[in-house]
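Engineer: Dropping a structure here in C-alpha cells format, bear with me for questions.
Read-outs throughout are calculated quantities, based only on the coordinates presented, and are distinct from any laboratory measurement. Keep in mind that what you see is a predicted model, and the values were worked out from it rather than measured. Here the Cβ is made from the backbone with ideal geometry for all residues, glycine too, and neighbour counts use every protein chain on show.
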Amino acid sequence: MTDTVGIVIVSHSSDIAKGTADMVRQMVGSEVKVAFCGGNPDGGLGTSVPLIIDAINAAWSPKGVAVLVDLGGAETNSEMAVEMLEPARRDLVVVCNAPIVEGAVMAATEAAGGSSLAQVKAVAEELSAD
Amino acid sequence: MLDRADGQIFTGNVRLVHAVGMHARPAVKLTKLAKKFQAQISVRVAGAPEWINAKSVAKIMAMRAAHGSTIEIKASGSDAEAAVAALVDLVASDFPDGAG
C-alpha cells in the first residue's frame, strides 16, 4: 500500500472528535490514518496545542496530514500546533477550511485514492467553496 | 468534456437498488472505486441535464439519486471498459461492505 495523506480531527468536544473519526473509519475504511483530539486536558470543552501535536504525530504520513477543525479556537490552536512542528514538517500539514464531519469524510475518501495533500485539502474545501 | 476524438466512450446503466438511494456511504464507495481507474468517469441520474465526475465525492453525495432510479455511467480512457463494468457491478450488488 502506498502512503496516503493522514487525517487529524480537532474538536472542542472529545465526543465529537471521536464520533467523527468513527464515521471516517466506517465509511472510508482503515487505509487512511485518522487521529483525533477533543477537549482540554482537564476533561472540559476546549482544544489543546500539545494534544493536537500528538494527534498530528499519530496520523503522520510522508504525504502529509490534513487537519479538520470545528470552531474558532480549534483552528487557531491547530495553526499554533503546526507552527511548533520542526520546519521540515510544517509544510506537510494543512488546516482545512471545511465543516468538520463532512470535510473529514471527503478528505479521507480523497486520501484513500493516494491523492496529494493539496488535492485532499481542495476536496475537503469544495463544500465551503460555493 | 469527456469526449476525445481518439478515445472510445464506454457506457452503462444500472438501477439503484439501495434502500435509501445514493446517500453518504454508497457515495464514498462509488468514489473510492472510481478513483482506482485512470479513465475519466461520469455518472448521472438517467436523464439529468449534467454529468457528474464520479471521482468527486462531494458531487456524488449531492446528486441525491433516489431508490429505484437508474444511474448512467460513462467513461473514456485506457481502462474505461473495466471501470464501467466495476461501477455497474458495485451499484447492482448494492454497495457491499469491502467493495471500493
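Engineer: Taking every pair of alpha-carbon atoms in chain B, what share in percent sits in each 10 Å bin, from 0 to the bin with the longest distance?
Structural biologist: Percent of pairs per bin, in order: 18, 56, 24, 3.
Engineer: Just want to confirm a number: the relative contact order over chain B, from Cα pairs under 8 angstrom separated by 6+ residues, in percent. Let's see the in-between values first.
Structural biologist: Details: 199 pairs, mean separation 42.9, N = 100.
Normalised by residue count, the contact order of chain B is 43 percent.
Engineer: If packing is taken as the mean number of other Cβ atoms within 10 Å per residue, what is the order of B:58-71, A:96-109, highest first? Please list the in-between numbers first.
Structural biologist: Numbers: B:58-71: 17.1, A:96-109: 25.2.
Output ranking for B:58-71, A:96-109: A:96-109, B:58-71.
Engineer: Averaged over its residues, how many other protein chain Cβ atoms are within 10 Å of peptide A:110-119's Cβ atoms? It would help to have the intermediate numbers written out before the result.
Structural biologist: Working: counts 7, 0, 7, 8, 2, 2, 0, 0, 0, 0.
Across the residues of A:110-119, the mean count of other-chain Cβ atoms within 10 Å is 3.
Engineer: Can you give the mean number of other chain Cβ atoms that lie within 10 Å of the Cβ atoms in peptide A:24-34?
Structural biologist: Details: counts 1, 0, 3, 8, 7, 6, 0, 1, 0, 0, 0.
Counting Cβ atoms of other protein chains within 10 Å of each residue's Cβ and averaging gives 2.
Engineer: Then there's this: Quick one: the Cα spread of the protein assembly as shown along its three principal axes, in angstroms, biggest first?
Structural biologist: 56, 37, 32
Engineer: Which whole-Hz ³J(HN,Hα) couplings does segment A:61-69 yield from phi under the Karplus relation 6.51 cos²θ - 1.76 cosθ + 1.60, θ = phi - 60°, glycine and proline marked x?
Structural biologist: For segment A:61-69, the Karplus-derived couplings read 9, x, 7, x, 9, 9, 9, 10, 10 Hz, x marking Gly and Pro.
Engineer: Summing Lys, Arg as +1 and Asp, Glu as -1, what charge do residues with Cβ under 11 Å from the Cβ of residue A:34 carry, residue A:34 excluded? Walk me through the intermediate numbers first.
Structural biologist: On the way: positive: A:18, A:25, A:33; negative: A:22, A:31.
So the environment of residue A:34 carries a net charge of +1.
Engineer: Put a dot 7 Å past each Cα toward the Cβ at residue B:82 and residue B:19; how far apart are the dots in nm?
Structural biologist: 3.4
Engineer: Mean separation of Cα pairs under 8 Å and 6+ residues apart, divided by the residue count of chain A: what relative contact order is that in percent?
Structural biologist: Working: 275 pairs, mean separation 39.7, N = 130.
Relative contact order, chain A: 31 percent.
Engineer: Next question, about the same structure. Tell me the GluC sites (Glu not before Pro) within segment A:1-93 that lie in a loop according to DSSP and have at most 15 other beta-carbon atoms within 10 Å.
Structural biologist: Numbers: sites: A:31, A:75, A:79, A:83; in loops: A:31.
Sparse-neighbourhood loop GluC sites (Glu not before Pro): A:31.
Engineer: Which of the helices in chain A meet the span-like rule: DSSP H, Cα axial reach of 20 Å or more, Kyte-Doolittle mean at least -1.0? Mind dumping the intermediate values first?
Structural biologist: Values: long enough: A:14-28 (21 Å, -0.03).
Those that clear 20 Å and a mean of -1.0 are A:14-28.
Engineer: Moving to a separate point now. Suppose R0 equals 22 Å. What FRET efficiency, 1/(1 + (r/R0)^6) with r the Cβ-Cβ distance, do residue A:18 and residue A:122 give to the nearest 0.05?
Structural biologist: On the way: r = 27 Å, r/R0 = 1.20.
With a Förster radius of 22 Å, E is 0.25.
Engineer: How many partner chain Cβ atoms sit within 10 Å of a residue's Cβ in peptide B:46-59, on average, as a whole number? Please list the in-between numbers first.
Structural biologist: On the way: counts 0, 0, 0, 0, 0, 0, 0, 0, 0, 5, 5, 14, 13, 1.
The per-residue average across the peptide is 3.
Engineer: Gap in Å between the Cα centre of segment A:56-99 and the Cα centre of segment B:52-90?
Structural biologist: 33
Engineer: Quick one: angle between helix B:80-92 and the longest Cα principal axis of chain B, in degrees between 0 and 90, rounded to 10, please.
Structural biologist: 10
Engineer: For chain A, compute the orientation-averaged projected area of the C-alpha convex hull (one quarter of its surface), in nm². Show your work: numbers first, answer last.
Structural biologist: Details: hull surface 27.9 nm².
Reported value for the Cα convex hull: 7.0 nm².
Engineer: If the limit is 22 Å between Cα atoms, which of A:18/B:35; A:121/B:35; A:33/A:121; B:29/B:55 go over it?
Structural biologist: Values: A:18/B:35 27 Å; A:121/B:35 17 Å; A:33/A:121 15 Å; B:29/B:55 10 Å.
Over 22 Å apart, Cα to Cα: A:18/B:35.
Engineer: Need one number: nm distance between label points at residue A:40 and residue B:36, each 7 Å from Cα along Cα→Cβ, rounded to one decimal.
Structural biologist: Inter-label distance under the simple model: 4.7 nm.
Engineer: Among B:60, B:45, B:85, flag the residue with its Cα farthest along the positive direction of the charge dipole of chain B, charges on Cβ as +1 for Lys/Arg and -1 for Asp/Glu.
Structural biologist: B:60
Engineer: Now for a separate question. Pull up all non-local amide H partners of residue A:67: gap of 5 or more, or a different chain, and H-to-H distance under 5 Å with H placed in the peptide plane.
Structural biologist: Result for residue A:67 returns A:8, A:94, A:95, A:96.
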